[in-house]
Amino acid sequence: QKVDSWWKKSVVYQIYPRSFMDSNGDGVGDIQGIISKLDYIQKLGIDVLWLSPVYDSPNDDNGYDIRNYRTIMQEFGTMEDMEKLIEEAKKRGIRIVMDLVVNHSSDEHEWFVESRASKDSKYRDYYIWRDGKDGRPPNNWESVFSGSAWEKDELTNSYYLHLFSKKQPDLNWEHEPLREDVYQLMTYWLEKGIGGFRMDVINFISKDMNLPDGEVQPNKLYGDGSPYFMNGPKIHSHLKEMNDKVLSKYDVVTVGEMPGATTDDARLYTNPDNNEVNMVFTFEHMDLDSGPSGKWDVQPLKLIDLKRNFEKWQHGLHNVGWNSLYWNNHDQPRVVSRFGNDGEYRELSAKMLAICLHMLQGTPYIYQGEELGMTNVKFQSMEDYRDIETLNMYKEKIEQGTSHKDIMRGIYAKGRDNARTPMQWTSDGGFTTGIPWIQMNPNTEEINVEQAINDSNSIFYTYQKLIQLRKQHNIITDGSFQLALANHPNLFVYKRMSADEEWLVVANFSDQIERLEWETCDLPSKSHRLIISNYNTVQTTEKIVEIRPYEAFVVAF
Ligand code: TEU
Ligand code: CA
């Protein structure tokens, strides 16, 4: 190991700056707001903060469309604020990880402004331009945000590729000057002392430049281009080059967001011998409650699938690469509403999910509000939704004749705005003194930081304890993983093992009481030590342990 892998013992907290804390009453979260809450983050025990993009942006996709990689979004503050944040975080032992969005830029970035101006522009090849075919786009690919992935630009009468919104043109990684410019902007930020990068859809940057049509599913208007841009032909060489030219010079952490990456892909991306990235965000466990036609096709989660999936990733990367662990981020619905129970068992199930995830091998990510058990939201009117993915999808489905009610079912379960309602600081909100850019979840009355801090039995303190345990016990970071009771429909049971210890993790994903015989877990019943539990006790006899609704505990032998 050439560097000290400090990030193996870290727990990362993700902030969505727009929704975290507003310091000046304009309804939009900002950097001074984040600074004012660093003590809270430190109290949780966090040592790495990942900020969703804070760069200058027209906010077509809330900052994931960057206009200038070297300046700060005006609404969020100034470069001085950003430098202050890095410094104040450092004082508290916290590193700042920035979001690196270089699969695409904003169409308002000067590279694109120049690129579209003429076919002879020096920047033309910074993006992917093609002529139409018989008045139609160059191929049939669909954009992640609905419609064609190609937009015709009248200025030069040709099309540019945009896998996301048409205000997010894809950068052309085949073009060396573009790559060099990206490496320079990365260096610019690393020189400011940041602790690393989370790399947005980084496994999309290398396209099959033949740009072949994708397969068209029944009832679909467009084709699926993903086989030609996910984990594409030059992805490993681009990442190695980036590592060689930039990352290898700094002691930082990198995580690549990689939809469609399998464990085999991830073994290559994260093997330290390959010098690419430290870990990846897999999407496999996030896709288990979707049907064949995609994320809006909401299906109940089968726990058995989830267990098999975690098992595959735990084994797949053990002693080869490194896992990231997450339930939530700014693109996903709230996990307590999704895989837990946000009614009667909200607190118990939120703690259960936390215990279940944080005892795995890998680096855990906590998304703002997860430590409070924040829930999904149900806005009655479409006017209250903000997310471009949701708005475009709604429009498209209405045009295709889907009923409002059916669409809303998908949005309530999966819409990204579920994660983006403002952080709940106090019973009356506490996020802003003005009008928030997106409405608060009305349950801030019961679910908020003030409440959590004052209740020694809150979800917050379960997370705090889990973070402490990770620092104290090497078995969590290094031990091997073994799934038990693989076919049990309600219980997630696994062992962690090291040379001198075994830990048993038991989590009930249902509101039923389950009974377990110690023997079936292949572990001795005597002399176990309780490490953590969401009921604070374990109901056990010599032979039988009774597991209550959403109970989770960890015992050591
Ligand atoms: O997301 C990439 C991505 O493919 C998904 O997370 C996607 O946004 C979601 O599943 C839609 O169903 C990243 C960012 O995390 C996301 O916020 C951006 O919108 C997107 O890239 C474009 O930059
Ligand atoms: Ca503000």
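Just a few scattered comments:
- Selection within region 109-148 - touching a Gly at 6+ places or on another chain (Cβ under 6 Å) and aromatic (Phe, Trp, Tyr): Trp141
- Against the test of being within 16 Å of ligand 1 (Cβ to nearest atom) and surrounded by fewer than 23 Cβ atoms within 10 Å (Cβ to Cβ), the options Asp99, Asp65, Asp26, Asp47 yield a single qualifying residue, Asp99.
- With respect to being surrounded by 20 or more Cβ atoms within 10 Å (Cβ to Cβ), in the same structural domain as Glu114 (by TED's automatic domain parsing), in contact (Cβ under 8 Å) with a residue 12 or more places away in the chain and not β-branched (Val, Ile, Thr), Asn139 fits the description.
Every residue, every condition in (1) outside the structural domain of Ser458 (by TED's automatic domain parsing); (2) out of contact with any His (no Cβ under 9 Å at 6 or more places or on another chain); (3) under 15 Å from Leu491 (Cα atoms); (4) free of Cβ contacts under 8 Å to residues at least 40 places away in the same chain, yes or no:
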residue	(1), (2), (3), (4)
Val298	yes, yes, no, no
Asp305	yes, no, yes, yes
Trp313	yes, no, no, no
His318	yes, yes, no, no
Asn323	yes, yes, no, no
His330	yes, yes, no, no
Gly340	no, yes, yes, no
Gly343	no, yes, no, yes
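- The residues listed here are Asp213, Asp200, Asp208, Asp265; of these, the one that is within 22 Å of Ser5 (Cβ to Cβ) and either in contact with an Asp or Glu (Cβ under 6 Å, 6 or more places away or on another chain) or not basic (Lys, Arg) (or both) is Asp265.
Table: residues versus (1) outside any loop (DSSP other than H, G, I, E, B); (2) under 20 Å from the mean Cα position of the chain (by Cα); (3) within 16 Å of ligand 1 (Cβ to nearest atom).
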site: Arg386; (1), (2), (3): no, yes, yes
site: Gly401; (1), (2), (3): no, no, no
site: Pro436; (1), (2), (3): no, no, no
site: Tyr461; (1), (2), (3): yes, no, no
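- Members of region 26-50 that are within 23 Å of Asp200 (Cα to Cα) and either within 15 Å of ligand 2 (Cβ to nearest atom) or in contact with a Cys (Cβ under 9 Å, 6 or more places away or on another chain) (or both): Val28, Gly29, Asp30, Ile31, Ile34
- At least 1 residues being in contact with a helix residue (DSSP H, G or I) (Cβ under 6 Å, 6 or more places away or on another chain) and not assigned by TED's automatic domain parsing to the domain that holds Phe431 is the threshold, and among the strands (runs of 3 or more DSSP E) wholly inside region 1-79 not one reaches it.
- Within region 95-106, the presence of a residue that is outside any loop (DSSP other than H, G, I, E, B), within 16 Å of ligand 2 (Cβ to nearest atom) and closer than 20 Å to Leu190 by Cα is excluded.
- Strands (runs of 3 or more DSSP E) wholly inside region 472-550 that include at least 3 residues being under 30 Å from Trp7 (Cβ atoms): 480-484, 491-497, 502-508, 529-533
- For region 172-203, residues that are under 21 Å from the mean Cα position of the chain (by Cα) and not in a helix (DSSP H, G or I) total 8.
The values are calculated or read from the model by the stated rules, or taken from the named source; none is laboratory data. In this text, all values refer to a predicted model and were calculated from it rather than measured experimentally. Here the Cβ is made from the backbone with ideal geometry for all residues, glycine too, and neighbour counts use every protein chain on show.
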